[in-house]
There are 2 protein chains.
Amino acid sequence: MTESQATGTAAARAEIEFWFEFASTYSYPAALRIGAAASDAGVAVRWKAFLLGPIFKELGWNDSPFNLQPAKGRYMWRDLERICSGLGLAWRRPTQFPRSGLNAARVAALFPDEEWLPDFVARVYRANFAEDRDIADVDTVRACLGEVGVDADATLHRALGDAGKSALRRQTEEAVARGIFGAPSFVAGDELFWGNDRLEAALAWAGQQH
Amino acid sequence: MTESQATGTAAARAEIEFWFEFASTYSYPAALRIGAAASDAGVAVRWKAFLLGPIFKELGWNDSPFNLQPAKGRYMWRDLERICSGLGLAWRRPTQFPRSGLNAARVAALFPDEEWLPDFVARVYRANFAEDRDIADVDTVRACLGEVGVDADATLHRALGDAGKSALRRQTEEAVARGIFGAPSFVAGDELFWGNDRLEAALAWAGQQH
């Protein structure tokens, strides 16, 4: 989808922003199910990658809250397993957590409207949370781009250069300005919804406002 | 419901534990809707009051995370307003937050199986989150007991004495042992579910296991 097509779509129907972070566990089921759920609801999706690291750092955290709060972490791993099982999504607890989504997020921030983007996002999440691959490694991101039929080297050249860096920086600043504090988050109009289990509420809100 | 009736019910049908904290905002809609939702699902509810304060203190927090993390707090207040509106529940943002639920929790921990307990719990939550009354004040708790037709002075005498203190202490320790880190939480068999929006998943789990 080109920029102008995206704008046309936005004018024509209800829309939500999907704010995701590649390191975020609950963003995985959200990313894998949002396409079909939004389509069923007649709502368009704007894909908005961002980084939680700078937001957590502002709070004095240098790690995921799921590591800083062990009971919450134990719960999350079991909950993810149940959620993925319920959705029929492949799931394997990664041997490292969190893994930096920086490189993948620069790609997603620079190319949000490309037709291949949702598929690329899904592949990166699967690599991290179903295949235990290291998504922090540029080679993993390159492989995911190749798997969706993109010229991986040309795409990475732009995404990992200044254009991709500043696109992701801007988008993370936009997340903060939107009041976003966790992932996944959904924005419908001026309303924020946080968490995979609030996707339906966000879609319903977007539909009502339209 | 007497102790023996509760045991009989547990043997006869599926059951979930409802872990709530009177200071917890998201416990309010959960407490007000769990009765009907569980009844529809054919699941019995065990009412388990506990305190989050000691759990937060272990993490080095001396306040609610909704105060410690302003963006999360701003989101929560708006989200609660939306949720209550959707459920048709009265809602007014309290002028103080959090308010200690200690006195009310001692009552609930000591008398979990009384027939009036769910109604008492609902009244305390309404006092805090719909009527902006100070539930930390014993007089508010006394009024809530009176409103459900209980001998308030006799009940408070036992609840605020050693029996109530140790019942609540034991129950909070049990919460920690169950892996509980927030409220509301639901336990179905060995499975923990956290958050008002996971009540349905907990009820479904309890039903399947039975």
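The values are calculated or read from the model by the stated rules, or taken from the named source; none is laboratory data. Everything numeric here is computed off the predicted structure, so don't read it as measured data. When we count neighbours, we look across all protein chains shown, and the Cβ atoms used for this are built from the backbone with ideal geometry, even at glycine. Each accessible area value is taken on the protein alone, full model and side chains, heavy atoms only, with ligands, DNA and RNA left out. Shrake-Rupley method; radii C 1.70, N 1.55, O 1.52, S 1.80 Å.
What to note about this one:
- Rounded accessible area of residue A:111 (nearest 10 Å², 1.4 Å probe): 20
- When the other protein chains are added to the chain by itself, burial of at least 10 square angstrom of heavy-atom accessible area (probe 1.4 Å, ligands and nucleic acids ignored) affects these residues of the range B:48-82: B:59, B:61, B:69, B:71, B:72, B:75, B:78, B:79, B:82.
- Just so you know, the Cα atoms of the protein assembly as shown work out to an Rg and Dmax of 23.3, 77 Å.
- For the range A:82-98 versus the range B:111-143, the gap between their alpha-carbon centres in whole angstrom: 40
- Nearest-first distances (nm) between copies at residue A:132, label 7 Å from Cα via Cβ: 5.5
- Result for chain B in a Gaussian network model with C-alpha springs under 10 Å: among B:66, B:120, B:50, the largest mean-square fluctuation is at B:66.
- Antiparallel bridge percentage (DSSP; both residues within chain A; nearest 5): 55
- Heavy-atom accessible area per residue - chain B, 1.4 Å, Å²: 44
- Stretchable slack from residue A:46 to residue A:138, in nm (0.36 nm times residue separation minus alpha-carbon distance): 30.7 nm
- Per the Debye calculation on chain B with a single equal scatterer at every Cα and no solvent contribution, log₁₀ I(q)/I(0) for q = 0.07, 0.15 Å⁻¹ amounts to -0.19, -0.96.
- Where chain A is rotated onto chain B, the residue of A whose Cβ comes nearest the axis, and that gap in whole Å, is A:197, 2.
- Only Cα pairs under 8 Å and 6+ residues apart enter the sum, and on that basis the relative contact order of chain B stands at 31 percent.
- Within the accessible area of chain B (1.4 Å probe), percent carbon and sulfur: 48
- Distances between copies of residue B:35, taken at a point 7 Å out from Cα along the Cα→Cβ vector and listed shortest first: 4.6 nm.
- Between B and A, roughly 1900 Å² of accessible area is buried in total, ligands, DNA and RNA not counted and the probe set to 1.4 Å.
- The charge dipole of the range B:91-199, taken about its Cα centre with unit charges on the Cβ of Lys, Arg, Asp and Glu (plus for the first two, minus for the last two), comes to roughly 360 debye.
- Placing a label point 7 Å from the Cα of residue A:166 along the Cα-to-Cβ direction, the residues of the range A:102-134 whose backbone N falls under 14 Å from that point are A:110.
- Cα centroid of the range B:153-210 to Cα centroid of the range B:40-73, whole Å: 11
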